[in-house]
Structures are given as C-alpha cells and as structure tokens.
Amino acid sequence: MKKVLVTGGLGFIGSEAVICLIENGYEPIIIDNLYNAKLAVLDRIEEITHVRPKFYQVDCTKYEETKAVFEENDIDSVIHFAGYKAVGESTQKPIEYYENNLGSALTVLKIMKEKDVKNFIFSSSATVYGVPERVPLYETDPVGNATNPYGETKVMIERILEDVSKANPSMNICLLRYFNPIGAHASGLLGEDPNGLPNNLMPYVSQVAIGKLPFLRVFGDDYKTVDGTGVRDYIHVVDLAEGHVAALNHLATNPGLVVYNLGTGKGTSVLELVHAFEEANGIKIHYQIMPRRPGDIDENFANVDKAFNELGWKAKLTITDACRDSYNFQKKNPNGIE
Ligand code: UD1
C-alpha cells in the first residue's frame, strides 16, 4: 500500500482527504502540530473508516522531527495541507504567516529531496488569482497580487514549486487551487471547527442556525452580482477531498508540474446560499445587510474543465448537500470537536 504523508491531516480538509485516501487503498501517515486541529479528529477518522492512521504530533517547520517521520516510513507522496489560513489574522501577523507557511513547505521539500520522494500535492487557493479581471477563472489566468499575507504565502509557495520543478524535472508537483470549501462529512463526525468567531460564511451561517450567533452579517449588497451580494464557488469538502485522490493517481503518470482549479464551476451568492440553507434544513436564518468587508471581491468562480479532462474529477455534491451536512455537523458538535 502506498504511503502518503498528509501534513495538516487533522484539519478540516486534511481529515476528509485522509478518509478518502483510506477508501481508495492508500495508507495515509498524518503529521499535525494540533495548532488548529484536535486530536479527537483521529478517533473520528477511525470511527468512520475503521482504520487508525499513523499519527505524529509534529510541526513540519521542524526539520529533525519531520525528517524522523520520513525515516520511519517509506513515504511515496506528500499532500501538504499544513499552514495558517485566517485571512484577517494574516494581516495582523504577517511575519508569523510567512515564517510558518513558507517554512513548513520548504522544510518538507528539503527532506523530500534528501529522501528522493518525488510526488507533492500542494493545498493552494483561488486567492492566488487576486482580484479577477473576469470569471470564470482558468488555471492559465495571471497569478499574484493576493489581497492579504495569507494569500501571498500561497502565491510564493506556488512560485517556489515552479523553481523546484525546473531544477528537479523528475519530481511530480500538483498545485490544487481550492475555491470555497464548505460542507462536512455526512456522518456529522467531521467538519469545519473554527476557533472563536467564524470568518467564513458557512460556519457563520451554521452557528446562526443553532442559535449560537444571533444573525448573519451579510457584507454588502451593492456588488455587481445577481442580487448584490458576493458570489463564490462553494465546493463540498468531500468532493474536494476526492480531487486530491484524483490528483495523486495522476501524479503516477509523471506529469511534472500541473495545476488544477478545484471548484464546481458555478457561482452562488451569499443570499442564495442562505436560502439554500433554509430550504435544505427547514429553518430560518436571520441576517442583516452590513457594509462591505474590506478586500472582498464581487464574483469568483472556477472553470473546472481541466480537472475533468485530465483527472476525470468533478464535483458531484450540491449546495443543498453541503448545507445539510454543515448543519448536521454543527448540531452534533455545537461546541466544535471535543
Ligand atoms: C476567504 C479568503 C480565501 C480563503 C477562503 C477560505 C479573502 C479575500 N479570501 O474567501 O483566501 O481561501 O476564505 O474558505 O478573504 N460573508 C458574509 N458574512 C460573513 C462571512 C462572509 O456576508 O460573516 C460573505 C463574504 O463577503 C463573501 C462570501 O460571504 O462574499 C464568502 O466569504 P468567505 O467564506 O469569508 O470566503 P472568501 O472571502 O471568498
């Protein structure tokens, strides 16, 4: 069984990817420093899959500890999720964001080189496209000028990987640009578990739904969109996880460096999402229109043809599925994963 090192493997997306890897006959080895994840996620992965993956509480900016994991395991591929991810916080703590996100990627890549591990999948983001000139976004569209340090770390790591690929043509590197991941595992055991007040839309809506927060603040209704509220490409986290397995299978064909958007190809406005949530769950979501949030853009969605044509992957689950699964997770875990 091929061993896949999953850094940040107890996080929201990483843990779903671990499940998907197990279901597809891979052996995931998890590294996580538990900065933004709970150890209980490991128990839940086991509950879902009946497999308890090997886990190391290791910070992958730390060379020696991370190298020991490679030495103990015959790693075939790495999926690198580990990183700080809060946009607002990144504007307050740019040094920490650059140090941690670049440091972890560089440390893992350095060890991969030393150990001759050739396959690397990177959790990138649609944020690398900055403020789009037009939608849908294609993989060939210009990258750069992210609107915050978090996004800049994604741009920089992508550039580093291009150079690594040029210097090491036998390496297989895949940049996966995620659009907006939402939803949860259908069991309700795993889902998004933000610390404190959620920054992102879906966890906020879910917390309003269970009465933990009084109402949703809709940031702006004067965007150039269908109803004035911001439009994004929301992708169910289980579909996203499957995209990683599709990418991993493709790396076996030695493609060099490849880039894929992982989205649905469809835009949904904030109010459309709110109404879908209400319909899917038979509840009312109170909201108030507020001023725009600085840095937000009108509209953002992917062209997803490349992932379908080359990986045979496309998102199958709907916004309704995601709204149902997010609410189910939130109801079962009102205080997050404990
Ligand atoms: C943000 C990040 C992106 C990151 C992604 C993770 C920016 C510029 N981008 O995307 O880099 O990869 O999260 O999922 O911040 N909204 C509300 N009320 C809320 C929260 C959000 O109205 O309480 C609106 C926003 O204005 C936006 C939409 O909902 O129109 C989605 O927001 P959010 O979930 O925060 O994601 P993005 O900003 O698209």
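No lab work stands behind these numbers, since they all come straight from the coordinates. Predicted model only: the values in this text are computed from it and were never measured. Positions of Cβ are generated from backbone atoms using ideal geometry, with glycine treated the same way; all protein chains shown enter the neighbour counts.
Applying 1/(1 + (r/R0)^6) with r as the Cβ-Cβ distance of Leu106 and Leu39 and R0 = 35 angstrom yields a FRET efficiency of 0.85. Computed from Cα atoms, the angle from the helix 12-23 axis to the main principal axis of the chain rounds to 60 degrees.
Among Met1, Met202, Met171, Met156, the order by Cβ neighbours within 10 angstrom, fewest to most, reads Met1, Met156, Met171, Met202.
Taking all Cα-Cα distances within the stretch 121-215, those exceeding 16 Å account for 67%.
The alpha carbons of the stretch 205-269 occupy a box of 50, 31, 15 Å along the principal axes, longest dimension given first.
Ranking Ala315, Asn335, Val131 by Cα position along the charge dipole of the chain, where only Lys, Arg, Asp and Glu carry charges on their C-beta atoms, puts Asn335 farthest toward the positive end. Legend: calculated FRET efficiency, Arg293 to Lys166, from the Cβ-Cβ distance at R0 = 30 Å, rounded to 0.05, equals 0.20.
Three principal axis extents describe the C-alpha atoms of the stretch 70-132; from largest down they are 39, 25, 14 Å. A convex hull fitted to the Cα coordinates of the chain yields 121 cubic angstrom per residue. Close amide H partners of Asn119, meaning residues 5 or more places away or on another chain with modelled amide H under 5 Å apart, are Val78, Asn172.
3J(HN,Hα) couplings calculated from phi for the stretch 135-142 with the Karplus curve 6.51 cos²θ - 1.76 cosθ + 1.60 (θ = phi - 60°) are, in sequence order, 10, x, 8, 9, 4, 7, 5, x Hz; Gly and Pro show x.
If you take the Cα atoms of the stretch 8-137, find Rg, then find the Kirkwood Rh from the mean of 1/r over all pairs, what is Rg/Rh? For the stretch 8-137, the value is 0.99. For the stretch 89-106, the Karplus equation 6.51 cos²θ - 1.76 cosθ + 1.60, evaluated at θ = phi - 60°, returns couplings of 4, 5, 6, 8, 10, x, 4, 4, 5, 5, 4, 6, 6, 6, x, 5, 4, 5 Hz by residue, with Gly and Pro reported as x.
Straight-distance candidates among the lysines for linking to Lys54, with alpha-carbon spacing under 18 Å and chain neighbours fewer than 8 residues away dropped: Lys2, Lys3, Lys38, Lys67. For the stretch 69-203, the number of Lys pairs separated by eight or more positions or lying on different chains, with C-alpha atoms closer than 23 Å, is 13. Projected label points at Thr147 and Glu71, each 7 Å from Cα along the beta carbon direction, are separated by 4.6 nanometres. Residues whose amide H comes within less than 5 Å of that of Ala302, counting only those at least five positions distant or on another chain, are Leu137, Thr264, Gly265, Lys266 (H built at 1.01 Å from N in the peptide plane). In summary, the lysines within cross-link reach of Lys284, defined as a Cα separation below 28 angstrom excluding same-chain residues under 8 places away, comprise Lys212, Lys224, Lys266, Lys316, Lys331, Lys332. Would you please name the chymotrypsin sites (Phe, Trp or Tyr not before Pro) within the stretch 190-236 that are DSSP coil residues with at most 16 other C-beta atoms within 10 Å of their C-beta? Sparse-neighbourhood loop chymotrypsin sites (Phe, Trp or Tyr not before Pro): Phe215.
Per-residue 3J(HN,Hα) values for the stretch 162-169, derived from phi via the Karplus relation 6.51 cos²θ - 1.76 cosθ + 1.60 with θ = phi - 60°, read 4, 5, 4, 5, 4, 6, 10, x Hz in sequence order (x marks Gly and Pro). Let me check against my output: what whole-number percent is the relative contact order of the chain, with C-alpha pairs under 8 Å and at least 6 apart? Relative CO of the chain lands at 19 percent.
Extending 7 Å from Cα along the Cβ direction at Gln92 and again at Asn199 yields two label points whose distance is 1.0 nm.
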